[in-house]
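The values are calculated or read from the model by the stated rules, or taken from the named source; none is laboratory data. Just so it is clear, the structure is predicted and the values come from calculations on it, not from any experiment. Every residue, glycine as well, gets a Cβ built from its backbone with ideal geometry; the counts of neighbours run over all protein chains shown. We work out accessible area using only protein heavy atoms, side chains counted, and drop any ligands, DNA or RNA first. Shrake-Rupley method; radii C 1.70, N 1.55, O 1.52, S 1.80 Å.
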Amino acid sequence: QVRLVESGGGLVQAGDSLRLSCVVSGLIFSNYAVGWFRQAPGKEREFVAVISWSAGSTYYAESVKGRFTISRDSAKKTVYLQMNSLKPEDTAVYYCNAGVRQKSDPTRPGGSWGQGTQVTVSS
């Protein structure tokens, strides 16, 4: 099992940037993927971005493509989400997620979740 701890959320204005971090404790297997989901009040949790641990292949939700970048530092066992050009609709609790990579559906979550970090974007 892996433990995930997110950080980096905060209060920003539209157009600003934030970088979220997810520190992974425990073994990360070669077929694992680590990604980000988010959930706004009154809405369902939605996929944001994911990266495969071995190859570093990435996949993004259409709503964040071109603005967000997911990356990983294997030595530090940390995944980052660089968020640029933030919009009010990006406001949500952001959750780190990890588990076995789903080749047929990159948006499907794995079995491990962090506790979340709040991102609030004001106009």
Inset, instruction - Please give the number of the condition Gln13 fails out of (1) open to solvent by 50 Å² or more (accessible area, probe 1.4 Å); (2) within 22 Å of Arg3 (Cα to Cα). - result: (2)
Inset, instruction - Give the residue that is nearest to Asn31 (Cα to Cα), with candidates limited to residues of the stretch 67-123 that are basic (Lys, Arg) and surrounded by fewer than 12 Cβ atoms within 10 Å (Cβ to Cβ). - result: Lys103
Inset, instruction - Could you grab the pairs with beta carbons closer than 7 Å, sequence gap of 6+ or different chains, first residue in the stretch 53-70 and farther than 12 Å from Trp36 by Cβ and of a type outside the set (A, V, I, L, M, F, W, C), second one assigned to a loop (DSSP other than H, G, I, E, B) and open to solvent by 30 Å² or more (accessible area, probe 1.4 Å)? - result: Ser54/Ser30; Arg67/Asn84; Arg67/Ser85
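Looking only at the stretch 1-29, count every residue that is of a type in the set (D, E, K, R) and assigned to a loop (DSSP other than H, G, I, E, B) and tell me the total. Even if it seems obvious, please write down each step before you answer.
Of the residues in the stretch 1-29, the ones of a type in the set (D, E, K, R) are 3, 6, 16, 19.
Then drop every residue that is not assigned to a loop (DSSP other than H, G, I, E, B), which leaves 16.
Matching residues across the stretch 1-29 total 1.
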